[in-house]
Structures are given as structure tokens and as C-alpha cells.
Amino acid sequence: ECDLLLERLRAAFDDTSLRRLLAAGARLEQQMERRPEQWSAEAEVEFRAEMEGARARLRSLRANAPQPAAARPEPPSAFMCPISHELMSDPVVASDGHCYQRNDIESWLEMKGTSPMTGAPLAHPQLYPNFSLRSQIENWKDLINAA
């Protein structure tokens, strides 16, 4: 399963394929976390490197995609969840000081006790709502929808 996914990740260069394969890869990463004894260190390193390469290709595709005349502007990067790379609607702050979409970080913390941004262990698992950031995101969405 891992080898086939790696092969497909290496060959994927379109948005749809990359998104689909990255979702499958995220599920496999969760399996790696749950059963680390099933994976060699080399296989894990190779897999994580390929996943990061695929994420970079997806970001590059999005950044370089032709924009139609009436294209919606990209949200500020601070409004995007660093786990899902999607616009946050329920941002929370973790003990690493970074903001995440609540359901994404909760899923992450079910599998790991580390920061998605640094890999360092989190001091505690509590999450705190970021009302200020939520308000900024809502204001930005209102401006975009009004335009």
C-alpha cells in the first residue's frame, strides 16, 4: 500500500490527484503513528519526504494557476490552517502558540502529542479559541463576498 501510494505521489502533478493522494497519505501517516513497529525508519523518512514534496507541488500549482478575471483573492496565510491548508472557520491556539482549525488539530492530537509546526512535544493538549482571528477571517470573507 505504501509503495503504491509513493509511486502515485511521485507521478502526480495535477491538483485533483495531489489532493486525493495527500488525503490517502494522511491516513497512512496516522497508521504509521498508531503502529510504528510496522514501518522501518527508512520507509518512514522516505514516505514523509514524498508527502512533503507532494504538498510543495500542490502549493506551487495553486500559486501558479491561471486566475480568471473575477478570481477571488487568496486568503492571508494566517487565515489558513497549517495542517489542512484550508481557510479556518474555528481557529484555536495550541500550546505551541500556533493557530489551527479546531477539527484538524483535534484529529492530529488524537494520533500525536507533538506540534504540527515544529514536531516538538506539546506542553499540554488544551486548545483555546482564537476569537480575534475568527473575527478577522469573518471580516475578510464579508469583504470578499461584498466585492
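The values are calculated or read from the model by the stated rules, or taken from the named source; none is laboratory data. Here the structure is a predicted model, which is why all the values come from computation and not from measurement. With ideal geometry, Cβ positions are generated from the backbone for all residues, glycine too; neighbour counts draw on all protein chains shown. To get the accessible areas, we keep the full protein, side chains included, count just its heavy atoms, and leave off ligands, DNA and RNA. Shrake-Rupley method; radii C 1.70, N 1.55, O 1.52, S 1.80 Å.
Structure data summary
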| read-out | value |
| --- | --- |
| Selection from the stretch 120-131 of residues that are under 20 Å from S77 (Cα atoms) and loosely packed, with under 10 Cβ neighbours inside 10 Å | F131 |
| Options S84, S60; residue that is in a loop (DSSP other than H, G, I, E, B), among the polar types (S, T, N, Q), surrounded by 11 or more Cβ atoms within 10 Å (Cβ to Cβ) and within 15 Å of the chain's Cα centre (by Cα) | S84 |
| Residue within the stretch 136-147 that is under 30 Å from R8 (Cα atoms), part of a loop (DSSP other than H, G, I, E, B), open to solvent by 80 Å² or more (accessible area, probe 1.4 Å) and not polar (S, T, N, Q) present | no |
| Residues of the stretch 6-59 that turn out to be touching a Phe, Trp or Tyr at 6+ places or on another chain (Cβ under 8 Å) and closer than 19 Å to D104 by Cα, as a count | 4 |
| Residue identified as of a type in the set (G, A, S) and either in contact with a His (Cβ under 7 Å, 6 or more places away or on another chain) or over 26 Å from T114 (Cβ atoms) (or both) among A65, A23 | A65 |
| Members of the stretch 12-32 found to be part of a helix (DSSP H, G or I), exposed (fewer than 14 other Cβ atoms within 10 Å of the Cβ) and among the acidic types (D, E), listed by number | D15 |
| Residue in the stretch 102-111 that is of a type outside the set (G, A, S), open to solvent by 40 Å² or more (accessible area, probe 1.4 Å) and either in a loop (DSSP other than H, G, I, E, B) or in contact with a strand residue (DSSP E or B) (Cβ under 6 Å, 6 or more places away or on another chain) (or both) present | yes |
| Count - residues of the stretch 87-101 that are in contact (Cβ under 8 Å) with a residue 12 or more places away in the chain and open to solvent by 50 Å² or more (accessible area, probe 1.4 Å) | 3 |
| Check on S115, within 25 Å of M32 (Cβ to Cβ) and buried (at least 17 other Cβ atoms within 10 Å of the Cβ) | yes |
